[in-house]
1. How many residues are under 15 Å from Ser67 (Cβ atoms) and near the ligand (Cβ under 10 Å from one of its atoms) if we restrict to the stretch 95-114?
2. Suppose we keep only residues that are of a type outside the set (A, V, I, L, M) and outside any helix (DSSP H, G or I) within the stretch 70-103. Which one would you say is nearest to Pro147 (Cα to Cα)?
3. When the residues of the stretch 166-182 are narrowed to those that are out of contact with any Pro (no Cβ under 7 Å at 6 or more places or on another chain) and in contact (Cβ under 8 Å) with a residue 40 or more places away in the chain, which ends up farthest from Tyr76 (Cα to Cα)?
4. Filter the stretch 135-161 down to residues that are out of contact with any Asp or Glu (no Cβ under 9 Å at 6 or more places or on another chain) and in a helix (DSSP H, G or I), then give me how many there are.
5. Just to be sure before I move on: is Leu22 away from the ligand (no atom under 13 Å from the Cβ) and crowded, with 16+ Cβ neighbours inside 10 Å in the structure I sent?
6. Pairs only if they're at least six apart or on different chains, beta carbon under 6 angstrom, first in the stretch 81-105 and free of Cβ contacts under 8 Å to residues at least 12 places away in the same chain, second assigned to a loop (DSSP other than H, G, I, E, B) and away from the ligand (no atom under 16 Å from the Cβ); list them, first residue then second.
7. If I go through the stretch 42-67 residue by residue, how many of them are within 14 Å of the ligand (Cβ to nearest atom), without any contact (Cβ under 8 Å) to a residue 40 or more places away in the chain and aliphatic (A, V, I, L, M)?
Amino acid sequence: MKLYTAPATPFGRTVEMVAHELGVHGDLTIVPTVVAPTKENEEYRAVAPLRKIPALELDDGSVITDSPLICEYLAYSAGNTSLFAAGTANEWPVKAAYAVARGMADCGVALRYETFLRPEALRWDQWIADQKLKLVSGVEYFAARVPPLADTVTVADLSLAAALGYIDFRFSSLNWREGRAELAQWFAGMEGRASFRATKPN
Ligand SMILES: N[C@@H](CCC(=O)N[C@@H](CS)C(=O)NCC(=O)O)C(=O)O
């Protein structure tokens, strides 16, 4: 299988962490892929019509886009859906937390595009402030319900770790740890996981 991704994407990172946790990362051929809004990449558009990373190309040539679907595919095809707590009472809480965590990544990436890619004269300060507010609101959400420090993790934990790692990587001035010692301690535990260390952006 080919995984089209890049080192800095929190969505691709979540997929790679999931693959590591499932023990199937070795089955992936990583295809480094450069994408950005307003930048055409015809070659990759032929693979993924919306030109977003990550995308997973299966050995039969079919392609799965959108990181949650890719994570689900990897879990189901590995025959291990415990990351999704599938079939347990925790399944929907995990999926709900995963949605918030990857929504934080959406805000982070949008903020990055607005503050880095968009021509300076076109930047919209209120929009930037609102994305920051949403990011911080996501951090608050998880600070109020810190996941247990456990040996077993869920896809929501991995996605949250990727989102917080992205904030550290791109927006460290947000100081998200301040006043949130418990969440910071949880994140420090996630930082120690092999899947997190193996996928650190550079
Ligand atoms: N919902 C998608 C979001 C993927 C996404 O937005 N990826 C960014 C990179 S982090 C991207 O491809 N941006 C290029 C673009 O929007 O044109 C997922 O979870 O995979």
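1. Final tally of qualifying residues: 6.
2. Step one: list which residues in the stretch 70-103 are of a type outside the set (A, V, I, L, M), which gives 71-73, 76-77, 79-82, 84, 87-88, 90-93, 95, 98, 102-103.
From what's left, outside any helix (DSSP H, G or I): 79-81, 87-88, 90.
Numbers: Gly79: 24, Asn80: 21, Thr81: 19, Gly87: 20, Thr88: 17, Asn90: 12 Å.
By that ranking, first place goes to Asn90.
3. Ranking the candidates gives Leu174 first.
4. 12
5. In short, yes.
6. If the second residue must be assigned to a loop (DSSP other than H, G, I, E, B) and away from the ligand (no atom under 16 Å from the Cβ), the pairs left are Glu91/Ala85.
7. Total meeting the criteria: 3.
We did not get these values from a lab; they are worked out from the coordinates using the rules stated. Predicted, not measured: the structure shown is a model, and the values here were computed from it. Don't worry about glycine lacking a Cβ; one is built from the backbone with ideal geometry, like all the others, and counts go over all protein chains shown.
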